[in-house]
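*Asks:* Before we start, here is the structure in question, set down as structure tokens.
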Amino acid sequence: MKLRKVTAASATVFALALTATACGSDDGGDSGDGGGKKITVGIKYDQPGIGLKEPDGSFSGFDVDVATYVAKELGYGEKDIEFKETPSADRENALQRGDVDFIAASYSINDERKAKVDFAGPYLLAHQDLLVRADEKGISEGTDLNGKKLCSVTGSTSAQNIQKEVAPKAQLQQVGTYSECLDGLASGAVDALTTDDSILAGYAAQDQYKGKFKLTGLKLSNENYGIGVKKGDTEMVDKINKALEKMESDGSWEKAVEANFGPADYKNEPAPKIGNVVK
């Protein structure tokens with residue numbers, strides 16, 4: 001099961017296609033240039049297929065394409081979009097501090113987070129899964145993690161789900177980035193990495209990891225990706241929801257899925273209905 005990493009060139013082609021769509025927006029100024037204003041968008045920098053900072057400084061991934069489309073519908077030209085890295089543990093704080101205007105960073109909607117921030121969407125339904133070494137034969141079910149070393153990032157709901165509902169005796173190790181978990185998995189320091197299936201497939205498809213890992217194929221939870229905004233900013237939520245609805249209706253959502261996930265064994269869910277959070 002592999003994800004095709006978007007090249008800088010294909011990301012540019014996709015962005016140019018979105019420019020034509022965004023010019024028809026009712027929300028933003030002339031030709032979507034934002035009148036010289038800037039918008040800061042929180043994304044991940046280390047998630048292939050979702051949010052990745054390329055070696056040349058450009059950005060690729062499904063979240064990047066969604067965020068770009070939304071920003072243009074809000075009236076901002078591509079040159080007016082500033083992407084800012086927002087690690088899982090700092091997403092709520094980044095919004096509260098005003099560091100970013102909105103966040104599209106594999107940000108699963110849940111009640112705990114909704115108490116601190118507001119969400120537009122969802123715009124993607126993913127599922128929690130496990131990534132293990134290709135020769136691993138002792139982990140095929142979630143309960144097999146009892147007594148095993150499990151890695152995830154600080155602030156992620158995935159590891160908490162495992163400990164609370166699946167394998168309470170799993171030995172949890174939380175680190176700053178998923179890349180650290182991958183290194184630990186490759187070296188044998190940990191036995192499994194858990195997060196969303198879309199993210200795991202992206203990592204497993206990287207050149208340096210090809211053939212080393214496999215997904216277990218478990219759907220341990222539903223992860224409804226939403227766009228986070230500062231608590232109480234209902235106007236922004238409404239505008240982003242309209243942009244997401246347009247992205248789905250004009251075919252841009254499906255194009256972004258194909259551009260980032262490509263011909264892979266990973267089967268994405270259809271575009272979710274705005275406001276419909278699958279439990």
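*Asks:* Provide a single number: the residues in segment 139-155 that are in contact (Cβ under 8 Å) with a residue 40 or more places away in the chain and either open to solvent by 10 Å² or more (accessible area, probe 1.4 Å) or in a helix (DSSP H, G or I) (or both).
*Replies:* Qualifying residue count for the region: 8.
*Asks:* Would you mind telling me which numbered condition in (1) farther than 30 Å from LYS273 by Cα; (2) not in a helix (DSSP H, G or I) LEU130 fails?
*Replies:* Of the numbered conditions (1) farther than 30 Å from LYS273 by Cα; (2) not in a helix (DSSP H, G or I), the odd one out for LEU130 is (1).
*Asks:* As an exercise: evaluate ALA134 against (1) touching a helix residue (DSSP H, G or I) at 6+ places or on another chain (Cβ under 8 Å); (2) open to solvent by 20 Å² or more (accessible area, probe 1.4 Å) and give the number of the one condition it does not meet.
*Replies:* Tallying (1) touching a helix residue (DSSP H, G or I) at 6+ places or on another chain (Cβ under 8 Å); (2) open to solvent by 20 Å² or more (accessible area, probe 1.4 Å), ALA134 fails exactly one: (1).
*Asks:* When the residues of segment 231-279 are filtered to those that are touching a residue at least 60 places away in the same chain (Cβ under 8 Å), touching a strand residue (DSSP E or B) at 6+ places or on another chain (Cβ under 7 Å) and charged (D, E, K, R), which remaining residue is nearest to ILE109 (Cα to Cα)?
*Replies:* Restricting to residues being touching a residue at least 60 places away in the same chain (Cβ under 8 Å), touching a strand residue (DSSP E or B) at 6+ places or on another chain (Cβ under 7 Å) and charged (D, E, K, R), the top hit is LYS231.
*Asks:* Being open to solvent by 10 Å² or more (accessible area, probe 1.4 Å), in contact (Cβ under 8 Å) with a residue 24 or more places away in the chain and not polar (S, T, N, Q) is the filter here; which residues of segment 105-120 pass it?
*Replies:* ILE109, ARG113, LYS116, ASP118, PHE119
*Asks:* Then there is this: Would you check if ARG91 is in contact with a Phe, Trp or Tyr (Cβ under 8 Å, 6 or more places away or on another chain), of a type outside the set (A, V, I, L, M, F, W, C), crowded, with 20+ Cβ neighbours inside 10 Å and closer than 20 Å to GLY155 by Cα?
*Replies:* yes
*Asks:* I would also like to ask the following. Considering only segment 88-127, state which residues are under 22 Å from GLU269 (Cβ atoms) and assigned to a loop (DSSP other than H, G, I, E, B).
*Replies:* ALA104, ALA105, SER106, TYR107, ILE109, ASN110
*Asks:* Go through segment 163-199 and count every residue that is assigned to a loop (DSSP other than H, G, I, E, B), surrounded by 15 or more Cβ atoms within 10 Å (Cβ to Cβ) and among the aliphatic types (A, V, I, L, M).
*Replies:* Adding up the residues that qualify gives 3.
*Asks:* Please work out which residue is most open to solvent (accessible area, probe 1.4 Å), limiting yourself to segment 36-87 and to residues that are in a loop (DSSP other than H, G, I, E, B), in contact with a Leu (Cβ under 9 Å, 6 or more places away or on another chain) and closer than 17 Å to ASP99 by Cβ.
*Replies:* TYR45
The values are calculated or read from the model by the stated rules, or taken from the named source; none is laboratory data. Source: prediction; values computed, not measured. Positions of Cβ are generated from backbone atoms using ideal geometry, with glycine treated the same way; all protein chains shown enter the neighbour counts. These area figures cover heavy atoms from the full protein model, side chains too; ligands, DNA and RNA do not enter into them. Shrake-Rupley method; radii C 1.70, N 1.55, O 1.52, S 1.80 Å.
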